Every structure is written in C-alpha cells, then in structure tokens.
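What follows is one structure encoded as structure tokens, with my remarks underneath.
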Ligand code: ACM
C-alpha cells in the first residue's frame, strides 16, 4: 500500500487556491492514501468569530469536501484532510476521510490547542477508524498527539495507520511524540504538517514543517524539511502493524491492565 502526505503552505482565507495547490502536489506522485495538513484550505490564524464562520463549511456538502472527493476520484486514492466544519450552528476543527465515492469519516478535534478554544467547539465524535484497501486507517488531529489516549484509542479500535493532519507550531515535539505513539501502539503514523507564517491582526504564527511517516518500529520512513512544501510517498505493509507482540511473553495491547488504570486518592 502506498501512503503519502503533502506538506503545503496555505494562504489564509483562500480555500479554493489552497485546495488546488494540494491537488497539484498530490498529482506529482501516486498513493492509495494521502494525508493533508489540518485546516489545509482555510488557513489557521483566525481573528474573529465572523472569520471562522465565513470559512467553515458543512460536511460533506461544502466546496472543500466536494473538491477532495473529486480529487480522490481523479487520483484513485483516499484522502484525509483538515477543515473548519459548520454544523448546527457550531464550528469544529474537523478532519474528513474521503474516497472516490464520497465521505467515509468525519472527526472533530477532541483536544483543542491554545486559541482554537476561542473559535471551535470541542470535538464530540469518536476517533474514527476506516478500512482503506487492506489497511485500517485512524484519524487524529495535531495536538491530539500530546494525549497518548488518542493514538491508543485508535489502536484499540484496530487502526494500523494513524493519519495525523497537523498545523504544528512547536518544532520537534510532535515529531518525537509520534515516534513514541507509533512504537507503543505498533502502528504507522503519518503526520502531515504545513509550513509558512501567518501574520494577521497583531498575531504571528510560524508553522514548523518536518512532516513525517514513522513505522511501527519507530523508524522514520519519510521526513520533510522545516520550511518548504514537500510531497512524500512510501510503501507500507499494514500487516506489520497487526502483530503487537514484542517478544514471546509480551503483547502491547493484550498485556494492558485497565483494571489498574483508574486514579486513586
Ligand atoms: C495544533 O494542534 N494545531 C498545535
């Protein structure tokens, strides 16, 4: 199975152009599954409630999800990508997993980061796992990486590949936590980050690139630069993520002791 990501440099408030750029980058290689960054079409640094609502879209009817489905059809691929979702008057920092025939999963970010708490409602959907070809693909978004429960929940739900759309701002943190998430769950982890700077309304954020694909062993299979757009595709064997035994006596999921994981005192 060929799995890839695009590391893009979105321009705030230009969803059509950002979608077109991501599609152009995906056309440069062939993959069965693509992962795009968090909020890849809208941009990230919202300055007002009105701005978020203007850029948020219903799923699956909105232009970004429809465009992703068209791209999936054209490329013969599945795509995971982040976007601001408008649903029943609320806005969520969401990610969709689409295939040639339409939407397969919608995930609303559970762990909101920093000022995202001003703009987005906390996610209220379970971490989704979807069959894509021979693999089971789980979705989490950016800051979810700081909470081991996110990746563990996906692994316990059968995910073999973690699709992790991101807009990372702290260089080198998720790049390390996602190595651990891959190792402790014996899964592949695909982190698609963005690059570039957004300076708006007195605020400035620099996004830190370094997107990566990590194997269940913790080995890096792909790594991108910190400041440039990039496309990476690797051949993965989902079978490797099905064996959770690390020696004849230990199995990472079967050896869990949830009866001891309740807090005391
Ligand atoms: C993040 O969750 N965008 C850091």
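As for the stretch 81-95, it holds no residue that is within 16 Å of the chain's Cα centre (by Cα), over 19 Å from residue 45 (Cβ atoms) and within 16 Å of the ligand (Cβ to nearest atom). When the stretch 108-121 is filtered for residues that are within 13 Å of the ligand (Cβ to nearest atom) and out of contact with any strand residue (DSSP E or B) (no Cβ under 7 Å at 6 or more places or on another chain), the ones remaining, listed by number, are 110, 111, 113, 114, 115, 117.
Tell me which residues, restricted to the stretch 143-162, are out of contact with any strand residue (DSSP E or B) (no Cβ under 8 Å at 6 or more places or on another chain) and free of Cβ contacts under 8 Å to residues at least 60 places away in the same chain. Break it down stepwise before answering.
At the first step, the residues of the stretch 143-162 found to be out of contact with any strand residue (DSSP E or B) (no Cβ under 8 Å at 6 or more places or on another chain) are 143, 146-150, 152-153, 156.
Of everything in the stretch 143-162, those that are out of contact with any strand residue (DSSP E or B) (no Cβ under 8 Å at 6 or more places or on another chain) and free of Cβ contacts under 8 Å to residues at least 60 places away in the same chain turn out to be 143, 146, 147, 148, 149, 150, 152, 153.
Out of the stretch 49-61, which residues are part of a loop (DSSP other than H, G, I, E, B) and in contact (Cβ under 8 Å) with a residue 24 or more places away in the chain?
If we filter the stretch 49-61 for residues that are part of a loop (DSSP other than H, G, I, E, B), which is where we start, we get 56, 58-61.
Once the filter is applied, which keeps residues that are part of a loop (DSSP other than H, G, I, E, B) and in contact (Cβ under 8 Å) with a residue 24 or more places away in the chain, the stretch 49-61 yields 56, 58, 59, 60.
Every residue, every condition in (1) farther than 26 Å from residue 114 by Cα; (2) more than 20 Å from the chain's Cα centre (by Cα), yes or no:
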| site | (1), (2) |
| --- | --- |
| 14 | no, yes |
| 19 | no, no |
| 40 | no, no |
| 47 | no, yes |
| 66 | yes, no |
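I need the full set of residues from the stretch 14-36 which are assigned to a loop (DSSP other than H, G, I, E, B) and either away from the ligand (no atom under 16 Å from the Cβ) or modelled with pLDDT under 95 (or both), in order please. Hits for the stretch 14-36 are 14, 27, 28, 29, 30, 31, 32.
Take the conditions (1) touching a residue at least 12 places away in the same chain (Cβ under 8 Å); (2) not in a loop (DSSP other than H, G, I, E, B); residue 11 misses just one of them, which is (2).
Scanning the stretch 199-219 for residues that are within 18 Å of residue 163 (Cα to Cα), touching a residue at least 24 places away in the same chain (Cβ under 8 Å) and loosely packed, with under 15 Cβ neighbours inside 10 Å turns up just one, 217.
For the stretch 135-153, the count of residues that are more than 16 Å from the ligand (Cβ to nearest atom), in contact with a helix residue (DSSP H, G or I) (Cβ under 6 Å, 6 or more places away or on another chain), assigned to a strand (DSSP E or B) and at pLDDT 95 or above is nonzero.
If a residue must be in a loop (DSSP other than H, G, I, E, B) and touching a helix residue (DSSP H, G or I) at 6+ places or on another chain (Cβ under 9 Å), how many such residues does the stretch 170-194 contain? Before the answer, list the steps.
The first filter runs over the stretch 170-194 and keeps only residues in a loop (DSSP other than H, G, I, E, B), leaving 170-173, 186-187, 193-194.
When the remaining residues are screened for being touching a helix residue (DSSP H, G or I) at 6+ places or on another chain (Cβ under 9 Å), the result is 173, 186-187, 193.
Within the stretch 170-194, residues that are in a loop (DSSP other than H, G, I, E, B) and touching a helix residue (DSSP H, G or I) at 6+ places or on another chain (Cβ under 9 Å) number 4.
Within the stretch 163-198, being surrounded by fewer than 24 Cβ atoms within 10 Å (Cβ to Cβ), free of Cβ contacts under 8 Å to residues at least 60 places away in the same chain and away from the ligand (no atom under 16 Å from the Cβ) holds for 179, 180, 183.
Return the only residue of 254, 222 being closer than 16 Å to residue 156 by Cα and more than 15 Å from the chain's Cα centre (by Cα). Only one candidate qualifies: 254. Screening 45, 39, 103 for residues that are away from the ligand (no atom under 16 Å from the Cβ) and surrounded by 16 or more Cβ atoms within 10 Å (Cβ to Cβ) leaves exactly one candidate, 103. Which of the residues that make up the stretch 231-252 are touching a helix residue (DSSP H, G or I) at 6+ places or on another chain (Cβ under 8 Å) and farther than 26 Å from residue 35 by Cα? Result: 252, single match.
The values are calculated or read from the model by the stated rules, or taken from the named source; none is laboratory data. It should be emphasised that the depicted structure is a prediction, and the values quoted were computed from it without experimental measurement. Note: ideal-geometry Cβ built from the backbone for every residue, glycine included; neighbour counts use all protein chains shown.
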